Amino acid sequence: MNRYAMSIDIDKCTGCGACMIACAVENNVPPLPQSNDRKGITWIRVFPVDNGEQGDTRQSAFLPMMCQQCDSTPCASVCPQQAVQLDVKTGIVGQMPERCLGCRYCMTACPYHARYFNWWDPKWPAGMEATLNPDVAPRMRGVVEKCNFCHGRWHAAKEQAASQGKREAADYTPACAESCPTGAIRFFDLLAGTPEAGSFRLLEKLGTETKIYYRSKRAWVKGLAEAPDGKEHHLA
Amino acid sequence: MSSTRRDLLKMTAGVAAGTLFTPAPWRLITDSAILSENWPGIFFSSHGAPTEKFTNCALCTAGCAVKARCVNDRPISLAGVVKSPICALGLAGLHMPFHTARIAHGDAENAAAAVRAAQGKVAVLDLRPGRTASWTYRRAMAALPGGIYLAPQRILNAVNLAAVKTLVSFGAPVLDGWGTPSKVLAAREHFSLIQVEKDQSHTGLLADRWIPVQPGNEPVVAQQIARDLPADGSSLFLSSAELPSVLKMNVTLGNLGHTVIARNETPVPAAWSKQAAAVHAIQNVADRSIGALLIDEASADVAVPWDVIAPKLTNSAVVITFASTQAGYGRYAQFVLPAAVYPEVTTDIPTAIDSVVATFRLATPLMAAPSGVVDAAEFVASLAKLDTKDALQERAASIHATGRGSLLSYSDQKSRPIKDVKADQFWTALNAGACWSDSESPLKAPRWEATIATPAICEAVRPKPPLFTKLYEESGLKGIAS
């Protein structure tokens with residue numbers, strides 16, 4: 001039994017995008033040249049944010065945003081196909097593209113805008129299919145997808161543990177946490193550890209009980225977590 | 001006239017037969033296939049047991065250590081090693097061979113003939129000097145009558161980040177691909193960063209102070225900032241465009257020998273140094289003196305503006321470039337010869353700008369290069385009838401013979417003195433991604449006056465991996481090491 005979670009230090013994030021690229025490589029997210037801000041797919045996205053000031057008082061930060069792995073899942077409750085399920089053994093919210101009919105109710109219900117719709121069939125430049133991760137199936141046109149804490153890695157870790165006669169998956173880390181050059185993203189098990197003191201969660205007032213914890217020493221960054229609050233925070 | 005049941009049946013059969021000659025049923029088949037699509041999936045040719053390989057990233061001179069997960073002799077993901085992360089570009093490096101603009105064919109035979117026809121006026125422009133291939137070019141140019149070896153000269157070749165307390169950057173992407181990520185991030189806690197540039201970059205966003213500047217006003221701003229800094233050699237002035245007036249502040253503030261240091265070169269066999277042509281900056285070459293210019297741009301770190309190159313060529317000059325796409329000098333070249341790209345290449349990586357000691361590491365191929373690619377060093381060596389097949393191994397042997405330094409192996413994270421490693425073990429370890437670092441020696445001040453002349457360099461045109469789509473660009477992520 002696990003309850004996987006993530007802790008992200010916003011003050012350490014340099015917005016390099018290594019997590020976005022590592023995630024896309026790991027999870028076979030296609031490089032669709034026609035994809036854009038609205039129709040593209042990226043399971044994790046780093047948003048540049050600022051405090052809305054100008055001149056010397058202006059401050060900026062980067063906010064990595066992915067599926068918040070809610071315990072109280074707004075997406076699962078609206079899915080007519082049971083294509084979204086919270087795995088009670090891991091705490092991971094899974095998405096099953098085989099069941100998804102593409103109604104996108106879940107995208108509307110998600111308060112974090114962390115779900116993406118496949119507007120096109122996945123396509124790779126000639127020959128690049130050979131570099132795809134064989135542990136993760138590409139998703140077809142017409143279904144929704146999102147971060148699942150690199151479920152392929154979890155399966156691989158489980159298999160490895162089983163081969164060693166163990167029950168719990170050891171050495172399981174999602175690609176974003178593994179690739180983060182500054183160590184801003186930390187992956188941990190809530191049953192074995194706790195988030196750092198002063199951590200906060202996004203839109204906590206909604207009661208979604210997310211498992212992605214953020215932290216920052218800057219008050220205006222914490223303020224973003226409860227936006228909109230009437231102040232002019234800028235989420236680019 | 002009365003209709004019978006037979007007529008009705010005949011009409012139905014006729015309509016059915018006639019419909020087959022219209023597009024309707026055929027379209028219906030396609031449409032119903034789409035509507036009831038059962039995902040056919042993507043053809044995976046990489047099923048098999050995953051293996052781990054270690055190599056070094058050759059996309060920039062940082063040369064970060066890379067752990068590759070491979071299936072069926074093909075990389076399926078790249079990652080950094082412990083305490084040495086890689087950047088976004090490095091993570092997507094395994095996709096570089098599949099760039100849609102990649103060129104597959106080139107006329108190497110006619111290119112060689114054209115170079116031979118320009119005997120006496122041949123030059124090589126090496127856009128990543130310091131490699132073993134660079135020494136091959138120098139030896140070949142020395143062997144060819146009138147051969148000239150050209151390399152872009154940079155004012156700053158080595159810096160000591162550990163000694164920096166204040167870093168003043170004029171547009172240099174300090175936190176976004178300028179140096180070795182692990183070294184820059186480790187040093188970041190110890191220096192305050194002032195970023196001066198026209199538009200706020202990622203580095204500007206994360207700097208302790210960001211100063212907007214109108215292009216052309218940099219020298220004035222640099223002087224203003226320098227006035228408030230102590231002249232104790234603890235600051236460092238960087239400039240993306242290598243502005244001499246800005247970089248000269250390093251002399252004014254006594255940074256030479258402290259934060260700005262002389263580059264330590266990796267040893268080469270003694271015979272090579274004796275036979276090598278001198279290094280020239282292209283702006284110092286006589287106008288209309290080059291009849292055949294070979295440009296190695298496949299691994300370019302910087303480029304030379306074409307405006308600087310063009311006056312040096314004769315009217316009938318032939319330009320041959322070794323590149324993976326036509327986006328760079330290909331527009332001006334008569335011959336574009338396809339080059340292997342990382343992670344197909346076998347090459348060494350020159351010492352990084354932020355390394356205080358000389359290093360030697362290899363980028364070994366993680367996958368086979370397609371047929372038709374031309375090895376630039378072999379091509380140039382063949383013109384001078386040099387045998388350079390084992391050049392990398394020869395250089396490794398000469399490094400081992402010095403008995404200096406240590407060898408860090410990434411597979412076991414162990415560092416061993418070179419004295420404890422046999423020559424063949426050294427070569428094997430290098431091919432498995434190990435890194436040789438020279439022994440530390442007292443830091444020397446660079447020969448500043450020799451390099452302060454206005455450099456003629458610009459940013460190299462480099463293809464981005466296919467994953468760097470519009471979406472990533474819209475996310476405001478630069479992700480490209482400079």
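The values are calculated or read from the model by the stated rules, or taken from the named source; none is laboratory data. No experiment lies behind these values; they were computed from the predicted model shown. Remember, those area values only see protein heavy atoms, side chains included, never the ligands or the DNA or RNA. Shrake-Rupley method; radii C 1.70, N 1.55, O 1.52, S 1.80 Å.
With the Cα gyration tensor of region B:161-259 in hand, convert its eigenvalues to equivalent ellipsoid semi-axes via √(5λ) and list them largest first in whole Å.
The three semi-axes for region B:161-259 are 18, 17, 11 Å.
Nearest 100 Å² is fine: what is the total accessible surface buried where chains B and A meet, probe 1.4 Å?
Chain pair B/A: roughly 3900 Å² of buried accessible area.
Please calculate how many Å² of accessible area chain B carries per residue, with a 1.4 Å probe and no DNA, RNA or ligand atoms counted.
Roughly 46 Å² per residue, with all protein chains present.
Please check: in the Gaussian network model of chain A (C-alpha springs, under 10 Å), which one of A:Cys67, A:Cys16, A:Cys75 has the largest mean-square fluctuation.
Maximum among the listed residues: A:Cys16.
Can you give me the angle between helix B:24-35 and the longest principal axis of chain B, using Cα atoms only, in degrees from 0 to 90, rounded to the nearest 10?
Here the helix axis deviates by roughly 50 degrees.
Which percent of the Cα-Cα distances in region A:1-97 go past 17 Å?
66 percent
Tell me, what is the percent relative contact order of region B:161-259, built from C-alpha pairs under 8 Å that lie six or more residues apart?
Values: 166 pairs, mean separation 31.7, N = 99.
Reported relative contact order: 32 percent.
Note the angle between two axes, namely the Cα long axis of helix B:218-227 and the longest principal axis of the Cα atoms of chain B, as a number of degrees from 0 to 90, rounded to the nearest 10.
Helix B:218-227 sits roughly 50 degrees off the main axis of chain B.
Checking the cross-link filter: which aspartates and glutamates have an alpha carbon closer than 16 Å to that of B:Lys53, excluding same-chain neighbours under 8 positions apart?
Output for B:Lys53: B:Asp73, B:Glu344, B:Asp412.
If you count only protein heavy atoms with a 1.4 Å probe, what accessible area per residue comes out for region A:125-236, rounded to a whole Å²? Provide the component values of the computation, followed by the final result.
On the way: 5460 Å² over 112 residues.
Roughly 49 Å² per residue, with all protein chains present.
Below 8 Å between Cα atoms, with a sequence gap of 6+, how large is the relative contact order for chain B in percent?
Dividing the mean separation by the residue count of chain B yields 22 percent.
Please calculate how many Å² of accessible area region A:1-100 carries per residue, with a 1.4 Å probe and no DNA, RNA or ligand atoms counted.
For region A:1-100, the solvent-accessible area averages 37 Å² per residue.
Project the alpha carbons of region A:4-223 onto their principal axes and report the range along each, largest first, in whole Å.
49, 46, 36
With the calculation restricted to Cα positions, what are the radius of gyration and Dmax of chain B in angstrom?
Over chain B's Cα set, Rg and Dmax evaluate to 27.8, 115 Å.
On average over all directions, what projected area in square nanometres does region B:356-435 have, based on the convex hull of its Cα atoms?
Computed as one quarter of the Cα hull surface, the answer is 6.9 nm².
Ignoring ligands, DNA and RNA, please state the percent of accessible area on region A:4-223 from carbon and sulfur, probe 1.4 Å.
50 percent
What Kirkwood hydrodynamic radius do you get for the protein assembly as shown when you take the inverse of the mean 1/r over all pairs of distinct Cα atoms, in Å?
Kirkwood radius, the protein assembly as shown: 28.2 Å.
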